[in-house]
Amino acid sequence: MGRKVHPYGFRLGITRTWTAKWYHDKEYTDLLVEDLAIRKLVERRLANASVSGVEIERNFGQVTVTVHTAKPGIVIGKGGQNVELLRQQIGALTKRKVKLEIKEIRQPELDAYLVATNIAQQLSRRIAFKKAMKQAIQRSMKAGAKGVKIMVSGRLGGAEMSRTEWDREGRIPLGTLRADISYGQVHAHTTYGRIGVKVWIYRGDIAPVRSAPPQLQAAAGQGI
């Protein structure tokens with residue numbers, strides 16, 4: 001029996017952090033619904049801007065929304081028109097002041113979500129799944145990835161019976177906590193139905209940053 005766990009949830013608090021940073025007792029459900037609405041709005045408005053992820057941080061009556069994108073020019077727009085319009089639309093969903101930040105993804109070939117989105121778009125255009133997988137793996141390895149694994153599942157090539165196919169190159173140490181693994185899952189909507197695309201990209205190791213216990217810090221300060 002396979003023991004499958006989400007690569008991000010597995011590493012929370014060690015090498016990865018949360019995409020929503022806030023805490024509330026009484027308004028938790030309302031803020032959670034608000035978060036989902038903000039993410040849905042960004043996904044709909046920036047469908048063509050190669051958005052990989054959205055981070056939401058709340059503190060003292062302010063909501064900070066950070067959009068990670070490979071095409072910041074499309075998000076910002078001419079003279080910042082698009083980003084200002086998006087900020088106003090997010091502001092309509094919340095009572096708090098909105099701060100919008102745009103962060104550029106310099107190497108989209110090393111972002112699993114963007115790679116999976118690219119493969120899903122190719123499958124929707126009826127490109128052979130094996131060709132799309134091979135090309136994606138080659139591009140990611142050329143960009144500096146240490147390992148890539150791609151899995152597609154569904155009615156591949158219009159077959160009557162659905163099946164799962166996968167390809168891999170290099171190492172994918174999913175059980176190693178310090179491994180920097182980018183993971184993405186996207187659905188391709190084809191004339192035969194829905195095809196799932198999963199991508200794992202191993203980008204090297206990250207040294208976990210853990211603060212020492214107060215006793216050790218005090219001992220270090222005294223030169224013991």
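The condition of being among the small types (Gly, Ala, Ser), part of a helix (DSSP H, G or I) and under 18 Å from His68 (Cβ atoms) holds for only one of Ala120, Ala116, that being Ala116. Of all residues in region 51-73, exactly one satisfies the criterion of being surrounded by 15 or more Cβ atoms within 10 Å (Cβ to Cβ) and assigned to a helix (DSSP H, G or I), namely Pro72. When the residues of region 173-203 are filtered to those that are charged (D, E, K, R) and either within 14 Å of the chain's Cα centre (by Cα) or in a strand (DSSP E or B) (or both), the one that is farthest from Ala128 (Cα to Cα) is Asp180. So Gln62 passes all but one of these: (1) more than 22 Å from Ala116 (Cβ to Cβ); (2) without any contact (Cβ under 8 Å) to a residue 24 or more places away in the chain. Which condition number does it fail? If we test Gln62 against (1) more than 22 Å from Ala116 (Cβ to Cβ); (2) without any contact (Cβ under 8 Å) to a residue 24 or more places away in the chain, just (2) comes out false. Residues that are closer than 17 Å to Ser124 by Cβ and either assigned to a loop (DSSP other than H, G, I, E, B) or not hydroxyl-bearing (Ser, Thr, Tyr) (or both) within region 143-164 comprise Ile150, Val152, Gly154, Arg155, Leu156, Gly157, Gly158, Ala159, Ser162, listed in sequence order. Selection within region 167-193: residues that are surrounded by fewer than 16 Cβ atoms within 10 Å (Cβ to Cβ) and of a type in the set (S, T, N, Q). The member of this set that is nearest to Ala120 (Cα to Cα) is Gln185.
Evaluating Arg126 against the criteria (1) in a helix (DSSP H, G or I); (2) surrounded by fewer than 16 Cβ atoms within 10 Å (Cβ to Cβ); (3) not assigned by TED's automatic domain parsing to the domain that holds Asp30 leaves one unmet condition, (1). Of everything in region 82-100, what is out of contact with any Gly (no Cβ under 7 Å at 6 or more places or on another chain), in a strand (DSSP E or B) and either more than 12 Å from Val42 (Cβ to Cβ) or not assigned by TED's automatic domain parsing to the domain that holds Ala49 (or both)? Give them in sequence order. Once the filter is applied, which keeps residues that are out of contact with any Gly (no Cβ under 7 Å at 6 or more places or on another chain), in a strand (DSSP E or B) and either more than 12 Å from Val42 (Cβ to Cβ) or not assigned by TED's automatic domain parsing to the domain that holds Ala49 (or both), region 82-100 yields only Lys99.
Checking each residue of region 45-58 against the condition of being more than 29 Å from Val199 (Cα to Cα), touching a strand residue (DSSP E or B) at 6+ places or on another chain (Cβ under 9 Å) and either at pLDDT 90 or above or of a type outside the set (D, E, K, R) (or both) gives at least one match.
The values are calculated or read from the model by the stated rules, or taken from the named source; none is laboratory data. Being a predicted model, the structure only gives us computed values, none of them experimental. FYI the Cβ positions are ideal-geometry reconstructions off the backbone, even for glycines, and counts take in every protein chain you see.
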